[in-house]
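Contents: one structure, followed by commentary.
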Amino acid sequence: MPSAHATNDWWRTAVIYQVYPRSFADSDGDGVGDLAGVRQRLDALTELGVDAVWLSPFMTSPQRDGGYDVADYCDVDPLFGTLADFDDLLTGAHDRGLRVIVDLVPNHTSSEHPWFAEALAAGPDSPERARYLFREGRGAAGELPPNNWQSVFGGPAWTRITEADGTPGYWYLHLFDSSQPDLDWSNPWVRERFREILRFWLDRGVDGFRVDVAHGMIKADGLPDYTPDPEGGSMGGDALDVPYWAQEGVHEIYRDWRKVLEEYDRERVLIAEAWVNPLSKMAQWVRPDEMHQAFNFGYLETPWRAEALRLVVDESLEAFGAVGAPSTWVLSNHDVIRHPSRLALTPPPPQGEGIGPRSPRHPDELVGLRRGRAATAFMLALPGSAYVYQGEELGLPEVSDLPDAARQDPTFIRTAGEMYGRDGCRVPIPWEAGAPAAGFSTTGVSWLPQPEVWGSYARDAQRGVPGSTLEFYVAALAARREHGLAAGDIEWLETEPAVLAFRNGGLTIVANTGLVPVSLPDGEIVVSSGPAGDGVLPGDTTVWLR
Ligand code: NOJ
């Protein structure tokens, strides 16, 4: 058995694989993936060569936002199984040396959480209401929302309730869907509940938490009006004065949580989903007494251009290095257009927006795949911890032809179809070409329709096939480990403009971000994102040379 459990600081170099449980593997044929499905497919992850699994939420939830609307933080939604299924999955993963990270959603609950139901029932000015951000409306009869904030998913960030006596009452804040009321983190009661929730999962043996909206839990005093830049991504951005993002007070919460984690043996981790720019500011989330890692969204959002990539890599290593944290590297997740498709769109739509039949531009699938693989090969050679989103090891593109009727992202619903949202990266993944639902479910049912091409991307169609995307990922992850790249240092080499080259762990990594072939330095090719050799490095290709 791998000795990962004995190793301290495992997270500094880990490759963490994101499972979006709805779309990974369905064991009971209802068309929605589940925990038993993940358990059955664990060997595929060890074969791939990752170190840890991060599970997107599987807790009790009405599923208005794919489970990011939690109605019970300490139970499993029947859609995904039971706590016993979770324990079984955890044991199966640990037996294989895989760590398990669970998703924690502390910014908001579901409106179906008992805490919210109690708040509604208890009436204005009650301690129950004080768990959330209820405010009186503006206007003569309180008919206007308390401020002008807009939901990340579109429309106002406030919903007015009807009080028990039938009169229109207070408004509650929801930075996301109206089914996701924001908690009031200035309330010690809320803080104590979450310490209990952390301990519940730590006691079960999880290796850490990915913390949802880790930059949003504290709101500025007085909840002042704010009008965001329409060009910025929905989850934050460069602006420094947003009254609901990146408020100083959030750090105190993580310092407190860090102490809770330190009550436990083995190293357990906190991972921030904090859409904060610049990276030097994001690094505040991973100061030594706060969280361990933060998703490097600055890197994710960097175009496939040599100059921009070199800049963001340097900036990342410097910013995270300055606080003693590893940088992370990530190209895809369940909230963004899958990177092969995204990198083939210049410029890509802003974060949170997808592509669909009415989009003005559509990525070229082959260009995207080549570029996506080249970007992955570049990323996996960098020192630090890397994330892989389920299906990227198969080279899956964004699904851009989902019919409107199939779409489920609240973004699509709240903008009346004006924004496609994130369904295109969440389509259940293919395992076996020719099998019902490409092996995702036994019955052929799939909660989002899978496209015709899925079969050609299926895992069994790529396994053992030289040159396939799957085999490229397996080779890159193995070489990354063998050469200690994750714990290494990089030294840039001077090259021609569209090319990036650096040394790490005794290897030379060369990425051609342009379209024109360039000459390939001498050396044995250890990993290649696509065909290369005979002194030629084609465009959109990365190689690792010994
Ligand atoms: C970020 C999650 O990744 C996303 O999927 C979710 O919709 C929002 N947070 C709200 O929880």
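The values are calculated or read from the model by the stated rules, or taken from the named source; none is laboratory data. Everything numeric here is computed off the predicted structure, so don't read it as measured data. No Cβ is skipped: glycine too gets one built from the backbone with ideal geometry, and neighbour counts run over all protein chains shown. Calculation scope for accessible area: heavy atoms of the full protein, side chains included, ligands and nucleic acids excluded. Shrake-Rupley method; radii C 1.70, N 1.55, O 1.52, S 1.80 Å.
Tallying residues that are open to solvent by less than 50 Å² (accessible area, probe 1.4 Å) and out of contact with any strand residue (DSSP E or B) (no Cβ under 9 Å at 6 or more places or on another chain) within the stretch 458-477 yields 8. Among residues belonging to the stretch 342-357 that are open to solvent by less than 20 Å² (accessible area, probe 1.4 Å) and touching a residue at least 60 places away in the same chain (Cβ under 8 Å), point out the one that is nearest to the ligand (Cβ to nearest atom). Filtering first and then ranking leaves 352. State yes or no: is residue 461 away from the ligand (no atom under 16 Å from the Cβ) and not in a loop (DSSP other than H, G, I, E, B)? The answer is yes for residue 461. Selection of the stretch 78-117 for residues being among the acidic types (Asp, Glu) and away from the ligand (no atom under 16 Å from the Cβ) yields 85, 87, 88, 95.
In the stretch 364-393, what residues are in a loop (DSSP other than H, G, I, E, B) and among the hydrophobic types (A, V, I, L, M, F, W, C)? Passing the criteria: 381, 382. Taking residue 266 as the residue in question, decide whether it is away from the ligand (no atom under 16 Å from the Cβ) and within 22 Å of residue 333 (Cα to Cα). Spelling it out, it is not the case that residue 266 is away from the ligand (no atom under 16 Å from the Cβ) and within 22 Å of residue 333 (Cα to Cα).
Checked against (1) among the hydroxyl-bearing types (Ser, Thr, Tyr); (2) away from the ligand (no atom under 16 Å from the Cβ); (3) touching a strand residue (DSSP E or B) at 6+ places or on another chain (Cβ under 9 Å), residue 280 meets all criteria but (3). A single entry from 514, 444, 523 fulfils the requirement of being assigned to a loop (DSSP other than H, G, I, E, B) and open to solvent by less than 30 Å² (accessible area, probe 1.4 Å): 514. Checked against the criterion of being open to solvent by less than 30 Å² (accessible area, probe 1.4 Å), in contact with a strand residue (DSSP E or B) (Cβ under 6 Å, 6 or more places away or on another chain) and away from the ligand (no atom under 16 Å from the Cβ), the candidates 211, 206 yield just one match: 206. Scanning the stretch 526-546 for residues being open to solvent by 70 Å² or more (accessible area, probe 1.4 Å) and within 20 Å of residue 473 (Cβ to Cβ) gives a total of 2.
To keep it simple, each residue is scored yes or no on (1) buried (at least 22 other Cβ atoms within 10 Å of the Cβ); (2) under 19 Å from residue 11 (Cα atoms); (3) within 16 Å of the ligand (Cβ to nearest atom).
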| site | (1), (2), (3) |
| --- | --- |
| 285 | yes, yes, yes |
| 293 | yes, yes, yes |
| 302 | no, no, no |
| 307 | no, no, no |
| 310 | no, no, no |
| 320 | yes, yes, no |
| 324 | no, yes, no |
| 333 | yes, yes, yes |
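Being within 30 Å of residue 461 (Cα to Cα), in a loop (DSSP other than H, G, I, E, B), touching a residue at least 40 places away in the same chain (Cβ under 8 Å) and within 16 Å of the ligand (Cβ to nearest atom) is not true of residue 396.
State yes or no: is residue 39 in contact with a helix residue (DSSP H, G or I) (Cβ under 6 Å, 6 or more places away or on another chain), open to solvent by 10 Å² or more (accessible area, probe 1.4 Å), at pLDDT 95 or above and of a type in the set (D, E, K, R)? In short, yes. Residue count for the stretch 325-363 under the criterion of being in a helix (DSSP H, G or I) and closer than 19 Å to residue 403 by Cα: the result is 1. When every residue of the stretch 434-449 is checked against the conditions, none turns out to be under 30 Å from residue 488 (Cα atoms) and of a type in the set (Ser, Thr, Tyr).
For residue 170, are the conditions met, namely being more than 15 Å from the ligand (Cβ to nearest atom), touching a residue at least 24 places away in the same chain (Cβ under 8 Å) and within 27 Å of residue 256 (Cβ to Cβ)? No: the conditions fail for residue 170.
When restricted to residues that are under 23 Å from the mean Cα position of the chain (by Cα) and among the hydroxyl-bearing types (Ser, Thr, Tyr), the stretch 79-110 contains 2.
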